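Bear in mind that the values in this text are calculations on the coordinates, not laboratory data. Source: prediction; values computed, not measured. Heads up, the Cβs are rebuilt from the backbone with ideal geometry, glycines too, and the neighbour counts pull from every protein chain shown.
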């Protein structure tokens, strides 16, 4: 265990070294929470960037303490969670393999059981909109409390990571219900997450956007589809606000909205003039962006960045890393 200084209303972030987890950690520290952060290997070599870029954001003498822990290791999790008032599960795996199912189910079960054994009531989980896609025509609008993916259908086409998240969420909500008030579980459901990156390496979503900006992808085409997007800083704040609002529970969409790819790329060309919109005609039947009922998200009181500001954050990050030269 390594410590970086106070102890004020500590909370535990499981997976503090991930893209979302590092931003959740930074947001908590900025709001004066001391954080117990877990990662698979909490050695100095693995945590130096967290010390430099995340721990330095702490306010009011908040501290960041690192713990080595796997999310299905109750002993290690007990050590990390001990003395905490809440838990954020930002860890997981995107691996498209059958074992992903058991990894995620075992992880959420162990985390919730450990939290309950320590008297910790409040748990916030990071999931995905991949769990909110029911079979058949897309709902208009999608409602997170109502619409669920079919995990068996997801498994049948090899979507192991989305299936794992669908099953993980269902298990978490069932365990909350069975706890009879001992657990309060909030789940965040984002799609494409973009923005500043604390980690040394660029994350997958930002690599995807870089490939579009550099015309390595879609140089002469515009997909007839849409994408739901959120700035990572706003997603982190949604996590924290769900923790702070003791009336919050259940699923919350972690998206600003869905835009057509034509609108996204057109806005990109305005924000970053070096990118030129492919000269292709609009489709005869443009795909309609996904419509979300965001009324539950709005109760958390977070003002989310709109598309131009999201894309400005992407360009600033890629430029700072020399990725667009």
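Of note:
- Put in line by how crowded their Cβ is, counting other Cβ atoms within 10 Å and starting with the fewest, 36, 147 read 147, 36.
- Between residue 291 and residue 303, the simple label model (points 7 Å from Cα in the Cβ direction) yields a spacing of 2.7 nm.
- C-alpha long axis of helix 160-178 to longest principal axis of the chain, angle in °: 40
- Ratio of Rg to Rh over the chain (Cα coordinates, Kirkwood Rh, two decimals): 0.97
- A prolate overall shape is assigned to segment 14-96, the ratio a/c of its alpha-carbon gyration tensor axes (a ≥ b ≥ c) being 1.5 or greater and a/b exceeding b/c.
- Using the rule -39500 (n - 2.57) for each DSSP H run of four or more residues, divided by the residues of the chain, the 222 nm mean residue ellipticity is -12000 deg cm²/dmol.
- Helix 307-320 and the longest principal axis of the C-alpha atoms of the chain enclose an angle of approximately 80°.
- Three-way shape call for segment 183-325 based on the alpha-carbon gyration tensor, with the a/c threshold at 1.5: oblate
- Separation in nanometres of the label points that stand 7 Å from Cα toward Cβ, at residue 199 and residue 60: 3.0
- Backbone N within segment 238-254 under 13 Å of label point (7 Å from residue 31 Cα along the Cβ vector): 238-248
- Cα-based shape type of segment 258-325, given that a ≥ b ≥ c are square roots of the gyration tensor eigenvalues and the cut on a/c is 1.5: oblate
- Annotation: peptides 40-53, 240-253, ranked by per-residue average of other Cβ atoms within 10 Å with the highest first, follow the order 240-253, 40-53.
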